[in-house]
Each structure stands twice: as structure tokens, then as C-alpha cells.
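A short write-up of the structure that comes next.
Values quoted throughout were computed directly from the atomic coordinates according to the rules given, and no laboratory measurement underlies them. No experiment lies behind these values; they were computed from the predicted model shown. When we count neighbours, we look across all protein chains shown, and the Cβ atoms used for this are built from the backbone with ideal geometry, even at glycine.
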Amino acid sequence: MTSDPNKDSAGPPPKPASPQPASPGPLPLRHAGHHEWATALDHRDRTWWFDCIARLAVLGGGLSAILFIGAIFVFIASQGIDFALHHLNWLDFLFGKRWEPTVEPPEYGALPLIMGTCWITGVAMIIAVPLAFGAAIYIGEFARGRQREWLKILIELLAAIPSVVWGVIGLQVMKPIIQHVFGVQVGLNVLNAGIILGLMAAPIITTIAEDALKAVPETYREAAEALGASRWQVIWKVVLPHARPGLSAAVLLGIGRAFGETIAVLMASGHRLMIPESVFDSAATITATIAAELGEAAHGSEHYQVLFVLGLLLFGITFGINLTADWIVRGRRSRA
Amino acid sequence: MAEFTHPRTRIARPANDGPLAIEVQDLNLWYGKFQALFEVDLQIKSGIVTALIGPSGCGKSTLLRSCNRINERLGYVTTTGMIRVLGHDIYAPEASRIQVRRQVGMVFQRPNPLPLPIRDNVLFGYRLHHAGRSSRGEEDALVESALREVLLWDRVKDRLHQKATTLSLEEQQKLCIARLLPTKPTVLLMDEPCSALDPAATAAVEDLIWDLRGNYSILIVTHNMAQARRASDECVFMLMGRVVEHSATEDMFVAPQRRETSDYIEGRFG
Ligand SMILES: Nc1ncnc2c1ncn2[C@@H]1O[C@H](COP(=O)(O)OP(=O)(O)O)[C@@H](O)[C@H]1O
Ligand SMILES: [Mg+2]
């Protein structure tokens, strides 16, 4: 009986006095025969090198993320800071109702943009939060095994749809539906953009909310069920209250997502630079305005600079939202 | 503390007073394709403490968890056979899991109070079934009597609104027993209730369990032979998913009928 089938094949002859079996062991000795004990002491095997390289790569990735964020902030600030500090009337900027940067004399009242952003984000959350929480509860508490995995993949796919596709859906699908259902002239409005943004934010909220539900210890559910709670009672009385910080963070991150979205809202909102008075009015958001106007504004002009001030404002708001979300989650960790 | 090492005085009870607390007939149970219980037949008498012993993995927890149908939450458990609690078939199609769990309370291996104030923990089960129909006074009375019954009242009466998770493990486990009482269960299942506790706390909880005897029928899993011996009236020995021997505790420890039982009791395996 041949224990080693390779012996018959035409290959390098087997090493004469090698005590090693032909099969590769978990730790291949690189200098079989020579320096055997030195090799055994040398801990720089493949795993060690892999560890080293992986550590460097991760460190580099982390550092570059910080570097990029810093650089972006510095860039935005450098473009807008001079104007913001010396020429801009902040009161007019924050509370002015007219955004007319190209008219002489120009008006830089950002209130319509701020209000437009708030309206659309508000509608988006009214739509996204129930959807997302419902989905998260179903996935986290009811779905099992295969079904659960499939649903999670589906949600992730939904999150990966490019925003321009959502914009097209707003333009081509939602617009006629809204016109038809509500009998309004204008189909590109707060409602349309809100629905689109809501659908875009829902997957993120779902994913984070589901994580929050999963973090509730199984022993709590078991304890409540053993006390005679039905599935829904367990969810209402134990799971949701305990997961509340995580759920709030999920909503906040969804809001952050909605605040920052640009192209889809630009396409679906009608981009009208006035304060909306109902969900059927067209509106403009901060992001969409920057995207729409930056191309036309002469480099370095007042208009150009004020758009960067808008960018700073947006940066500040999203940064604040993310910090709050982080703080809520962290607060819970340290209390628990 | 020496008194704890002696067997507790056992009041002789008539063999057949009232219906059986739990009656298991030909119970088979599978986790997916893995069979964990084989043809289990068991009769647990009312008003006494019955200890369930056996090596790790022999199915003690599984059997216990079948008695309040908490096993079903896993979703991949199949059960055949019958379990009656006080004469009612709990696996009958018309039986409600929720009613079963009110009748059959359960204490887990690790104390698992809910992350709520002590008071809300005690009232949790009660409120599930009495939504909005009880006054504050009624609730106060329930909380006090339940906590008194587990000898915790004097220790926690001034901090009922503190989170239950701030209590010591011993207090938590007593609280977990107390919160079963407001729904007036008849059977208490306990799965190694003392295994997370230190010896002094173990003795205290054991004492408590012994005090509850008579008012409730108690089925307790333990891997501690000394505990089974000093704090139970009857003893059930399980091995590999089957009940091997069931007899009065003295008999089991003094003159076991089966070879496997004596091997286990004398520590030759498990
Ligand atoms: N949730 C589960 N899923 C699959 N198998 C399980 C599960 N729980 C227990 N088992 C198996 O059932 C058998 C009995 O377990 P268990 O009742 O926990 O034993 P014991 O409590 O006596 O230590 C063991 O072989 C265990 O591996
Ligand atoms: Mg067990």
C-alpha cells in the first residue's frame, strides 16, 4: 500500500532523510532538515507577517479617514470662512426669507432652504420611522433562520440603490401618482421628496434599529415570556423600552441621512426657493441648492462663498446629529 | 449555619392528597432532529419539593422547560406525549401557553430580573393579566406580600423604585421567585436556582424554597447532591434523556435501586 500517491508521479524526488510526512502541517517548516530548532524559535511565520501587514493597513485606513474628514472640513471652511466672518449678516442669513444670490443687490436669506430641508426631512421621518421599526421588529423578533437572512440582504440591497435612481422614481413614478391621488397641479413637492427620502432612510434606520433590538439580552425575553407575556407584550413592555437609546440613535442617523441627501431631493422636490406652506408646495433644500448653484457661481465670488457657508451650516447640523446619536448610545453603555 | 447541612424535617404527607401537580406521560422531545427526551413518565406530587438530578446534558432543563412550554419559543422543538398540570393537559390544542405559564412559574439558573424597578418586577406578571384594573393600594399590598413571602421585604422596602439589577445575586434570585407569586401559581419550576450563588446565599435561597413547600409544588433541578439530599422530599434521577429512578429522597440516597443511580450519587460519573 502506498501511503503517498505523489511518489509515483514525475516530480521532484522526495527529500531523502526528511522525517516530515509529505502532508503539509499547520506550521510548515521552511528549512526542513537545516536549522530546525532555530526555525522553531523564529516566530515570524506567515501568520505573524499577515498580522503585521493587516495592522498597518487598518491603522492607515483609520488615519486616512480622520485625515480626509479634517481636510474636507478645512477646505469648506477656507472657502467660506472669510465671507462668513466679515461680510455675511448672520441674522439675515438665518432668518431672511429670500434667497436671491444672482439678483442685484443679492439676498442671502437661507430660511427657505432651512425650512425646506426641515419639512422634507420631517415628512421623510414620518414615513420612514414606522416602516423601519416595523421591519426591524419583524426581522428581529419574528423572522427566523433563512427568512431572516434574506430579509436582511434585501434591506441592505435597498440601501445600496443609488440616489439618482430614487430621484428618477420621484420624477417618473411618484409625481403622476401624487398628481392623480391628491388632484394637485404640482407633483414635485415636499410630499414627493419626503416619500423618496423616507424610503431612502428606512433601510439605515431598519439596520440600526435591528441591531438595537438584537442587543436586548435573550434572558429578558425569556423571563417575560415565562411570566406569561405574549410575544407582543414582550416586545412592548421589555424589548422596546430597553432598546430605546439604540432606537433613538437609529432615528437620528436616519435624519442625518435625510439632511445630507442631495440629488434625489433636487429631482423630486421641485426646487422652489420659497418657504413651503403645505406638503403640496415645492421646496428647496440646503444640499440641493448647493448642488444646483455651485456650478454657475464664479469661483471666489460672493455667491460661491455663501454656498460654502451653507455647506458649513450643513456640516454643523449633521455633525451635531451624529454626535447626539453617539452620545445617546454611549450613555446607555456606560449606564448599563 | 450548621443547621443547613442537616436534612430538613420532613412532615409526612398522605401519598395522594389532591391531584398530581405534574403528570408526564410518554414524553419525547426533539431539538430539530436531535432527540433529547425519551419516553419520560413522571408523577410529581402536590405540595412537596421534588429534586431532578442527573449528569450534565441528560435533559433535566429540557424536561423542566417542557412543563411550562417555554421550550417552544425556540421554534424548532417537537414534542410528543402528554403533560398534565393539576389534571389539565397543557399541550392540548385549546390550552393557552399564557395560562399555563401563570399556573407554572419558573426560576432560571442565572437570576434574570427585568431591567425595571424592583416593584415593577414583582408586578410584571400580574399587570400582564390585569391591565388597568387594579388600584395602587392593591398593587402595594401584592408587592409587600410577595416580597415578605421571599423574606426580602425588610431589605428592599425603602428602595422599591431602584432598578432590580442593582440587587445582590441572592436578592435578585429571591426577587425572581417573588415575582411569580402575585399570579398565584400552583407549581414552581426551578432550574439550578442556586448555581450562580455563593454558599451562604445558596443556603438562604434553599431555606426559602423549603419554606415555600406546602403552598406550592416545587420541581427543582440541581447538580448539587447535598442540596438534593437535604432539601427535597422526592428525587428523580435522569440519564441520557430518560428517567432512571424516582423515589423518596432518603431511599434514593440510602438505597438506590439502580446501578446507574448509585454510580452517579457516589460521584463515579457526571
Ligand atoms: N436549545 C437547544 N438546542 C439544541 N439542543 C439542545 C438545546 N438545549 C439543550 N440541548 C441538548 O439537549 C440535551 C439536554 O440538555 P439539557 O436539558 O440542557 O441538559 P441538562 O439541563 O440536564 O444539563 C443536551 O444534549 C443538549 O445539548
Ligand atoms: Mg441544565
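Taking the criterion of being polar (S, T, N, Q) and either away from ligand 2 (no atom under 16 Å from the Cβ) or within 16 Å of B:R213 (Cα to Cα) (or both), the residues of segment B:31-58 that qualify are B:Q35, B:Q43, B:S46, B:T50. If you go through segment B:184-195 and keep only what is more than 15 Å from ligand 1 (Cβ to nearest atom) and on the phi < 0 side of the Ramachandran plot, you end up with B:P185, B:T186, B:V187, B:L188.
Somewhere in segment A:246-255, is a residue over 21 Å from the mean Cα position of the chain (by Cα), within 14 Å of chain B (Cβ to nearest Cβ) and crowded, with 20+ Cβ neighbours inside 10 Å?
Initial filter on segment A:246-255 (over 21 Å from the mean Cα position of the chain (by Cα)): none.
Scanning segment A:246-255 turns up no residue that is over 21 Å from the mean Cα position of the chain (by Cα), within 14 Å of chain B (Cβ to nearest Cβ) and crowded, with 20+ Cβ neighbours inside 10 Å.
Of all residues in segment A:207-233, those satisfying the criterion of being in contact with a Phe, Trp or Tyr (Cβ under 8 Å, 6 or more places away or on another chain) and touching a residue at least 24 places away in the same chain (Cβ under 8 Å) are A:A209, A:R231.
Annotation note: Cβ proximity below 8 Å between a residue of segment B:71-89 that is farther than 20 Å from B:L20 by Cβ and a residue that is polar (S, T, N, Q) and within 16 Å of ligand 2 (Cβ to nearest atom) (sequence gap 6+ or interchain) occurs for B:N71/B:T62; B:V77/B:N71.
So, in segment B:45-69, of the ones that are more than 11 Å from ligand 1 (Cβ to nearest atom) and within 14 Å of chain A (Cβ to nearest Cβ), which residue ends up surrounded by the most Cβ atoms within 10 Å (Cβ to Cβ)? Filtering segment B:45-69 for residues that are more than 11 Å from ligand 1 (Cβ to nearest atom) and within 14 Å of chain A (Cβ to nearest Cβ), the one surrounded by the most Cβ atoms within 10 Å (Cβ to Cβ) comes out as B:N68.
Here the strands (runs of 3 or more DSSP E) wholly within segment B:176-270 that include at least 1 residues being surrounded by fewer than 21 Cβ atoms within 10 Å (Cβ to Cβ) and more than 19 Å from the chain's Cα centre (by Cα) are B:234-239, B:242-248.
The residues listed here are B:R73, B:R69, B:R65; of these, the one that is within 15 Å of ligand 2 (Cβ to nearest atom) and of a type in the set (D, E, K, R) is B:R65.
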